[in-house]
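Notes follow once the structure below has been shown.
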Amino acid sequence: MDNNENLNNKKNEENKTDENKESVETAETKAPEDTLQDVQPKKEEIDYKAKYFYIAAEMDNFRKRMEREKENLVKYGNERILSDLLQIVDNFERTTDMLKHDQDPKIKNIVAGIDMVQKQFIDTLSKHGLTPVQSVGRDFDPNFHEAVAQEYEEGAKPNQVIKEFQKGYTLNGRLVRAAKVVVSSDKQ
């Protein structure tokens with residue numbers, strides 16, 4: 001029986017060795033899957049982080065764009081009404097130009113009153129960012145001037161503004177109305 005027991009012990013040991021081999025193989029085959037599962041959440045975490053940073057950047061850009069639009073709205077929001085008020089300024093100028101040469105003392109007093117109101121009106125518009133475009137004596141700039149005619153004037157450089165029919169205005173640096181001007185030509 002001793003032989004049988006020895007044989008049985010050997011078989012048991014071989015079986016245990018085979019079981020150990022299987023368990024090692026199983027652990028080896030499971031190890032890469034486990035590592036894949038460990039990597040998978042990390043990849044998802046990276047995706048979530050990337051999405052988070054993308055959304056955070058988008059929100060920051062959106063906030064900056066809204067601030068810029070709000071600033072422009074405040075800065076140029078009154079452009080339409082100021083543009084309409086320019087017609088009133090033009091009418092003041094035409095009135096004073098027509099009445100300046102009259103010699104009647106009553107008319108001179110009226111012209112002085114109109115001049116005062118006109119200056120006050122222009123000062124008020126200036127407080128809101130409206131400034132006149134300087135034209136006469138300057139070189140023609142198509143960004144600020146609209147050429148109505150060309151004339152020869154002795155002593156003037158070619159393409160120099162020699163007369164202004166209608167003043168131009170800018171609102172905080174943006175052109176509201178181009179100045180209508182006469183430009184000098186080099187030919188008679």
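The values are calculated or read from the model by the stated rules, or taken from the named source; none is laboratory data. Worth saying up front: this structure is predicted, and the values here are computed from it rather than measured. All Cβ positions, even for glycine, are placed from backbone atoms using ideal geometry, and neighbour counts span all protein chains on display.
Selection of the range 166-176 for residues being touching an Asp or Glu at 6+ places or on another chain (Cβ under 9 Å) and outside any loop (DSSP other than H, G, I, E, B) yields GLN166, LEU171, ARG174, VAL176.
Filtered by the rule that a residue be surrounded by 10 or more Cβ atoms within 10 Å (Cβ to Cβ), out of contact with any Leu (no Cβ under 7 Å at 6 or more places or on another chain) and assigned to a helix (DSSP H, G or I), the range 95-109 gives THR95, THR96, ASP97, MET98, LEU99, LYS108, ASN109. Within the range 167-188, the set of residues being under 14 Å from SER135 (Cα atoms), surrounded by 16 or more Cβ atoms within 10 Å (Cβ to Cβ) and under 37 Å from the mean Cα position of the chain (by Cα) comprises LYS167, GLY168, TYR169, THR170, ARG177, ALA178, ALA179, LYS180, VAL181, VAL182, VAL183. Are any of the residues in the range 141-160 part of a loop (DSSP other than H, G, I, E, B), touching a residue at least 24 places away in the same chain (Cβ under 8 Å), small (Gly, Ala, Ser) and buried (at least 17 other Cβ atoms within 10 Å of the Cβ)? No, there is no match, as no residue in the range 141-160 is part of a loop (DSSP other than H, G, I, E, B), touching a residue at least 24 places away in the same chain (Cβ under 8 Å), small (Gly, Ala, Ser) and buried (at least 17 other Cβ atoms within 10 Å of the Cβ). Scanning the range 161-188 for residues being under 30 Å from LEU73 (Cβ atoms) and touching a residue at least 40 places away in the same chain (Cβ under 8 Å) gives a total of 12.
Hey, among VAL117, VAL183, VAL133, VAL74, which residue is out of contact with any strand residue (DSSP E or B) (no Cβ under 7 Å at 6 or more places or on another chain) and at pLDDT 90 or above? VAL117 is the lone residue from the list that is out of contact with any strand residue (DSSP E or B) (no Cβ under 7 Å at 6 or more places or on another chain) and at pLDDT 90 or above. Taken as a whole, the structure places VAL148 among residues that are at pLDDT 90 or above, outside the structural domain of LEU82 (by TED's automatic domain parsing) and more than 30 Å from the chain's Cα centre (by Cα).
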